[in-house]
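The values are calculated or read from the model by the stated rules, or taken from the named source; none is laboratory data. Everything numeric in this text was worked out from a predicted model, so none of it was measured. Cβ placement follows ideal geometry from the backbone for every residue including glycine, while neighbour counts extend to all protein chains displayed.
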Amino acid sequence: MIKINPNLCKGCDLCIESCPKQVYTKSKVSNTKGVYLPNPENEDECIKCHLCELMCPDQATYVEDEKND
């Protein structure tokens, strides 16, 4: 699961640009702060490389790894 914290995200799009699997798209609707958040529209394509987390200057992106039971 991919989580974007709307209170921290400033819409820089670094997560969108750095994703090797094009998981993110830019939202067409702005939030209350006027920021167009990244939308993990293709989340099933995510390979859990965490590049989006590493590139995010505001630590607004979190990729949850699958839990092995």
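Scanning the range 39-69 for residues that are part of a helix (DSSP H, G or I) and surrounded by 14 or more Cβ atoms within 10 Å (Cβ to Cβ) gives Leu51, Cys52, Glu53, Met55. Exactly one residue out of Pro38, Pro57 is in contact with a Phe, Trp or Tyr (Cβ under 6 Å, 6 or more places away or on another chain) and at pLDDT 95 or above, and it is Pro38. Within the range 9-23, the set of residues being part of a loop (DSSP other than H, G, I, E, B) and either surrounded by 13 or more Cβ atoms within 10 Å (Cβ to Cβ) or among the basic types (Lys, Arg) (or both) comprises Cys9, Lys10, Gly11, Cys12, Asp13, Cys19, Lys21, Val23.
Assuming Lys28 fulfils every condition listed in (1) assigned to a loop (DSSP other than H, G, I, E, B); (2) among the basic types (Lys, Arg); (3) in contact with a Pro (Cβ under 9 Å, 6 or more places away or on another chain) apart from one, which condition is it? Only one criterion is unmet by Lys28, namely (3).
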